Amino acid sequence: MYGKRKGQFFILGALLLCAVFFAAMPAHMAVTGGYAVDIPRVAGNLEGEIPHALNLAMLDDGSPGKLGDFTGFIRDEMNGRYLGMESLWVVAVPDQDSPGDVRIYAGNWLGRPVTVHLIVDSAAESIVLDDSETDSKIFHGVGSDFTLSISFENRTWSGQVARDKTGLYNYMRLSRGDDSVVNEIIG
């Protein structure tokens, strides 16, 4: 009879050890750190990928419209990773058939409607965009280098752009809870 109860003592001993460890644990444990480590890494990756996506779109049909498809895809993927993504891009494309003309495209993936104000040198236009929408305006008589000013909501950017090549401005914000990263991609 003594040999048959040996396993029961081991089980009882294991239960007692578990109870002792459980009793020694603090009443409240705070989980901290590591929650937002991925946000800067993902933002850095997208900073390199968005110009490549624009180049592929331009090579495909000469229009940045497919950059909108890419932006929508990335936003959906980020939502699957519990990351909020806001993006607004503006692309300046020279008109090969009419030198001196530049078509400015804007795409909104902010999750809300927005009005984008554009100034090319001294000519001003506005584009009203719903979420996931793109539109464009054409500017005539643009010099070989021009100043492009972009403003929307409470953000403003201005810079020199060469008329003979495609120019990119992309505002991007990735967030999870109170953690966020904001990047402006210029290219």
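The values are calculated or read from the model by the stated rules, or taken from the named source; none is laboratory data. If you're wondering where the values come from, they're calculated on a predicted model, not measured in any experiment. Cβ coordinates were reconstructed from backbone atoms using ideal geometry, including for glycine residues, and neighbour counts include every protein chain displayed. Keep in mind that these areas ignore ligands, DNA and RNA; they rest on the heavy atoms of the full protein, side chains included. Shrake-Rupley method; radii C 1.70, N 1.55, O 1.52, S 1.80 Å.
With the structure loaded, tell me whether VAL42 is in a strand (DSSP E or B) and in contact (Cβ under 8 Å) with a residue 60 or more places away in the chain or whether it fails that test.
Details: in a strand (DSSP E or B): no; in contact (Cβ under 8 Å) with a residue 60 or more places away in the chain: yes.
Taking the combined requirement at face value, the residue does not satisfy it.
Sort out which residues of segment 99-121 are open to solvent by less than 40 Å² (accessible area, probe 1.4 Å) and either at pLDDT below 95 or hydrophobic (A, V, I, L, M, F, W, C) (or both), and write them in order of number.
Scanning segment 99-121 gives GLY100, ASP101, VAL102, ILE104, ALA106, TRP109, LEU110, VAL114, VAL116, LEU118, VAL120.
What is the one condition in (1) modelled with pLDDT under 95; (2) more than 26 Å from ASN45 (Cβ to Cβ) that ASP178 does not satisfy?
(2)
Kindly indicate whether ASP76 is within 28 Å of THR147 (Cβ to Cβ) and charged (D, E, K, R). Step through it out loud before you land on a result.
Details: within 28 Å of THR147 (Cβ to Cβ): no; charged (D, E, K, R): yes.
The answer is no for ASP76.
Considering only residues that are among the β-branched types (Val, Ile, Thr), more than 21 Å from GLY68 (Cβ to Cβ) and open to solvent by 30 Å² or more (accessible area, probe 1.4 Å), look in segment 131-187 and name the one that is farthest from the chain's Cα centre (by Cα). Step through it out loud before you land on a result.
Within segment 131-187, the first condition is being among the β-branched types (Val, Ile, Thr), and the residues that meet it are 134, 138, 142, 147, 150, 156, 161, 166, 181-182, 185-186.
If we keep only those that are more than 21 Å from GLY68 (Cβ to Cβ) too, we end up with 142, 147, 156, 181.
Adding the requirement that they be open to solvent by 30 Å² or more (accessible area, probe 1.4 Å) leaves 147, 156, 181.
Values: THR147: 25, THR156: 18, VAL181: 9 Å.
Filtering segment 131-187 for residues that are among the β-branched types (Val, Ile, Thr), more than 21 Å from GLY68 (Cβ to Cβ) and open to solvent by 30 Å² or more (accessible area, probe 1.4 Å), the one farthest from the chain's Cα centre (by Cα) comes out as THR147.
So, restricting to strands (runs of 3 or more DSSP E) that lie completely within segment 64-179, which ones have at least 3 residues that are of a type in the set (A, V, I, L, M), in contact with a strand residue (DSSP E or B) (Cβ under 8 Å, 6 or more places away or on another chain) and in contact (Cβ under 8 Å) with a residue 60 or more places away in the chain?
On the way: elements: 84-94, 102-109, 114-120, 123-129, 133-139, 145-152, 155-162, 167-176.
Hits in segment 64-179: 84-94, 167-176.
Name the single residue, out of those in segment 42-90 being under 21 Å from ASP130 (Cα atoms) and of a type in the set (Asp, Glu), that is surrounded by the fewest Cβ atoms within 10 Å (Cβ to Cβ).
If we take residues in segment 42-90 being under 21 Å from ASP130 (Cα atoms) and of a type in the set (Asp, Glu), then ASP76 is surrounded by the fewest Cβ atoms within 10 Å (Cβ to Cβ).
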